[in-house]
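The values are calculated or read from the model by the stated rules, or taken from the named source; none is laboratory data. No experiment lies behind these values; they were computed from the predicted model shown. Cβ: placed from backbone, ideal geometry, glycine included. Neighbour counts: every protein chain shown. Protein only, heavy atoms only, side chains kept; ligands, DNA and RNA dropped before computing areas. Shrake-Rupley method; radii C 1.70, N 1.55, O 1.52, S 1.80 Å.
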Amino acid sequence: MATVETGGGAILRAGGGWSRVLNSRGGRFITEIFEGADEALAAFEAVEPGLVSNGFQTLDWLTVLYEELAPARKAMPRLVVVTEQASGDVALLLPLVVAKEGMLRIASFADLGVSDYGGPILGPVRLTDRRAIRCVWRSVRSAMHDIDLIRFERMPAEIGGRPNPLITRLGVSPALRSGTELFLTDAPDAFPRGIGKKYRKEVERCHRLWQKEPTPRFYRATTAEEIAHVYLALEEQRARRFAALHGKNILDEPAYGSFYERLAIDGSDAGLSTLFALEANGEIVATLFGIVHDGAFTRLAISTGGEEWSHLSPGRLVVIEAMKYFAARGVRRFDMGIGEHPLARGFGAKPVPLYDLVVPMDGIALPRALLHALKGHFRGKRARGPQPV
C-alpha cells in the first residue's frame, strides 16, 4: 500500500504500487500527474468536493471509461492535477488518456469515442485573469514533457457556468461539430421553447395515437431487472437499424458494449445515467439513454421499434415524455449531443459552439497541429471563437 500526497494536501492510498507522479513546481502553481486507472481515480476522488465539470468528466463516468475502455484501446489513463501553491486549493484537473498514433504520443481528453464533450475540471481557484491562466498552462506543458501532441477536442466555452480557461490558449480553433441543446418551458406539458406550432401539433397527434394503443406506458428503468430488459431492447433495436442501413454499430464491439451496459447499471445507481422505455401493447417501441449532470440531460442513444410503429413516431414521443419527466424534477436543459439529429431540428434546438486546442510539444507533431489549425481556420469563418491571449 503506497501513500501519495497531492499539492492540495490530500493523502491518497493506492494499492498494487503507484506509478510515477510527476511534479512541475515553480511559480504560483504545482502540476502533478497520476498515471494508471487506480492512481488517477484515487487522486480524483481525493480532491472531488468543490469541483465543477461536464457530465463526461465526472468521477462516475471516468471510472467506467478508464476501467472498461482504456485497456481495450491501449490507452493509458492520466489525471493532471494543478493546485495553487500558496493555498493548496485545486485550480483545475485534466482527465486524459495517452496513446500512440503512428509515431506520435498523444494526450487527449478521456473520450475514446463515447464522450460528446471534453474540457477541464475546474476547482475552487478561479482562473479569470490572463496571467493566472498562462501560469497554469505553462505548468501543465512543463509536466507533459513526455507527450508529442496535446489534442483537446470539443470543449464548450463555459463549464458549469464558469468560463473555460483553455479556450483562451494559442492553438484553439472551432471544433468540427457543435453541440445541440434546448430548454423546456415552464408549462406543464414541458415542450421545448423553440418548437414550432406545426411540429407541436404533429407530436400531439402521435401522442393521441399512442394513448389509443393497449396499455400505453412510459417509465424510467430503475431496478436491475428493468434496466436489463430495457437495455436489451435498446441493443436489439439498434442492431436491426444498423443492419438495415449496412452501418457500423458501436455496440457490436465488445469493449464498447461492456462500457455502455456497465454505465446503464452502475451509472443508474450513482444517479448519473438514465434509461427510459416507451411501451405500446406490452412491447417496448422506443428507448432513450443518457446522463444527467448539473441540471441537464444529455442524450447518449435512442432507439425505436421499427416500421411497424412508425405511425406513432416513437422517437419523438420518448423524448417528449422524458422532457416531462425531467421538467417535473427541475431539469430543464435538454442536450441532444453533438452533430445533426433530426429530432433536434424539429424541436428547435440551438447549436452550442465547441472548440479544439491542439498544441505540438515537439517538431515531429508540428505537421499534425498545422493541419488541424488549417481546418479550424476554415471552420472559424462560420463560428468565431474567443481569441488567444
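Per-structure values
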read-out: Residues of segment 106-124 satisfying the condition of being part of a strand (DSSP E or B) and hydroxyl-bearing (Ser, Thr, Tyr); value: 108
read-out: Conditions (1) at pLDDT below 95; (2) open to solvent by less than 20 Å² (accessible area, probe 1.4 Å): number failed by residue 25; value: (2)
read-out: Odd one out for residue 117, checked against (1) open to solvent by less than 10 Å² (accessible area, probe 1.4 Å); (2) touching a residue at least 24 places away in the same chain (Cβ under 8 Å); (3) within 16 Å of the chain's Cα centre (by Cα); value: (1)
read-out: Close pairs (7 angstrom Cβ cut-off, 6 or more residues apart or separate chains): of a type in the set (Gly, Ala, Ser) in segment 206-222, open to solvent by less than 70 Å² (accessible area, probe 1.4 Å) and part of a helix (DSSP H, G or I) anywhere; value: 221/227; 221/230
read-out: Scan of segment 183-223 for residues that are open to solvent by less than 50 Å² (accessible area, probe 1.4 Å), under 30 Å from residue 266 (Cβ atoms) and modelled with pLDDT of 90 or more, ordered by number; value: 218, 219, 221
read-out: Qualifying positions in segment 82-92 - surrounded by fewer than 24 Cβ atoms within 10 Å (Cβ to Cβ) and either closer than 19 Å to residue 145 by Cβ or under 22 Å from the mean Cα position of the chain (by Cα) (or both); value: none
read-out: Criterion: closer than 26 Å to residue 69 by Cβ, open to solvent by 70 Å² or more (accessible area, probe 1.4 Å) and either in a helix (DSSP H, G or I) or not aliphatic (A, V, I, L, M) (or both) - qualifying residue of 154, 241; value: 241
read-out: Pairs where the first residue, in segment 124-150, is closer than 14 Å to residue 93 by Cβ and the second is modelled with pLDDT under 90, C-beta under 6 Å, 6+ apart; value: 139/24; 143/22; 143/24
read-out: Failed item in (1) in a loop (DSSP other than H, G, I, E, B); (2) within 21 Å of residue 111 (Cα to Cα), with residue 264 passing the rest; value: (1)
read-out: Total residues in segment 179-205, condition in contact (Cβ under 8 Å) with a residue 12 or more places away in the chain, outside any loop (DSSP other than H, G, I, E, B) and over 30 Å from residue 354 (Cβ atoms); value: 1
read-out: Yes/no for residue 82 being in a strand (DSSP E or B) and not basic (Lys, Arg); value: yes
read-out: Single match in 273, 313 (criterion: under 19 Å from residue 223 (Cα atoms) and either aromatic (Phe, Trp, Tyr) or buried (at least 21 other Cβ atoms within 10 Å of the Cβ) (or both)); value: 273
read-out: One residue from 112, 79, 96, 65 being touching a Leu at 6+ places or on another chain (Cβ under 8 Å) and open to solvent by 10 Å² or more (accessible area, probe 1.4 Å); value: 112
read-out: Enumeration of residues in segment 67-120 that are more than 20 Å from residue 298 (Cα to Cα), touching a Ser or Thr at 6+ places or on another chain (Cβ under 7 Å) and acidic (Asp, Glu); value: 68, 89
read-out: Condition check for residue 284: farther than 14 Å from residue 190 by Cα, assigned to a strand (DSSP E or B) and open to solvent by 10 Å² or more (accessible area, probe 1.4 Å); value: yes
read-out: Single condition residue 45 does not satisfy, out of (1) open to solvent by less than 40 Å² (accessible area, probe 1.4 Å); (2) closer than 25 Å to residue 161 by Cα; (3) modelled with pLDDT of 95 or more; value: (1)
